[in-house]
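What follows is a short report on a single structure.
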Amino acid sequence: MRSSHLWFFTLAVAFVSTASAAQQTMTTAGGTAAGVTTVSVRVTYKQNHRPAAGLRVQLVSPLGGMAAIRTTDGNGAATFDSVDSGRYQVQIDGSDIETTKSDVFEAGGSDGGPYITEHVEVPLKGNIDANVPGPALTEVVPEAAQKEFNLGSKEMDKKNWDGAKDHFQKAIAAFPKYAEAFNSLGQVEIKLNDGKSAVEAFRSGTQIDPTLQEANVYLGQFYYDNHQYKDAEPYLLRCAANQPQSAQVLTVLANTELQNGEIDLALANARKVPTLANHQQFAISHLIVAQALTGTGKDDEIAKEYDEYLKEAPDSPLAPRVKDALAQLKPK
């Protein structure tokens, strides 16, 4: 085969924000019976059994998607009111703990009930002393700030975005290091169509707690869509660390790394995509690999990627150009 000049395909990769799920009110996650449930969560540290205050508690569907979010109070407690019938888990996150999920439980219906209590023990990260005195290792959110945050969360559940914004701003004023309040404020700003303020809120939140997934997804998408790939990459890396089996996230990350000149990283991530579920939806990962191999003399590998792309996306608008490029690689 002879080498061929390869063009860079414009990558129209859909990066669907999971943050939108975080902004919705309680939704049915499965099950068929009617009824609502109050879910009470109590979180303690596994090493010392002390109440874990100031941690993020997400009510999630086991199939993916977040229904609501709360922060544990000084007693390690969080409450979700009026949860629709369905199957859920609670996920606990924080900067000093390992992310932990509960078992799946059912709210409402014959297997659920009006009240459910979930007790979750969370392990501290390896280098943290479990014998440090005090109920929490991170700063405890003051009661006044927690009250405003919970009021804001309830207004979000009612889709009262202006009211929720006011409460989250008050929570931040009472506790300027309240990462979850910044995170929720960013979600509200999206609903109020104020993208600039959403970016500011999410950035402030991630500066306090880099693990905020909704913020990382939104900021990664925002900078990617605006072709600010250097800015997008750190947020996309965090998304990929949280969702290592997401073909979508890895495709976008690989293209970002390619744009940033990080060829080896782009190749490594793009080559993971075909091994994952739903990878056919992200056939463009094969073109990322082909582009990354440009100029290496590996025309056989490039041709293979083109072939795979055409098998997975034969009706794509890019297919004619890929066929032309493939023809140029073949010997006359």
> Considering only the other residues whose Cβ falls under 13 Å of the Cβ of A215, what net charge follows from Lys and Arg at +1 and Asp and Glu at -1?
Replying inline: -3
> Which of the lysines could a cross-linker bridge to K196, judged by Cα under 23 Å and excluding same-chain residues fewer than eight apart?
Replying inline: K159, K165, K170, K177, K230
> Once the Cβ-Cβ distance between D324 and N260 is put in as r, and R0 is 25 Å, what FRET efficiency do you end up with, to the nearest 0.05?
Replying inline: 0.35
>> Which lysines, if any, have their Cα less than 22 Å from the Cα of K304, not counting same-chain residues under 8 positions apart?
In response: K272, K323, K330, K332
> Over region 214-329, what lengths in whole Å, largest first, do the semi-axes of the equivalent ellipsoid take, defined as the square roots of 5 times the eigenvalues of the alpha-carbon gyration tensor?
Replying inline: 25, 15, 13
>> Along the Cα→Cβ direction, 7 angstrom out, place labels at D162 and S82. What is the inter-label distance in nm?
In response: 2.0 nm
>> Cross-link candidates for K101: which lysines have Cα within less than 16 Å, leaving aside residues fewer than 8 places away along the same chain?
In response: K46, K125
>> Along the Cα→Cβ direction, 7 angstrom out, place labels at E121 and K154. What is the inter-label distance in nm?
In response: 3.3 nm
> A290: net charge of surrounding residues, Cβ under 11 Å, Lys/Arg +1, Asp/Glu -1, itself excluded?
Replying inline: -3
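Readers should treat all values here as calculations from the given coordinates under stated rules, not as data from a laboratory. Source: prediction; values computed, not measured. With ideal geometry, Cβ positions are generated from the backbone for all residues, glycine too; neighbour counts draw on all protein chains shown.
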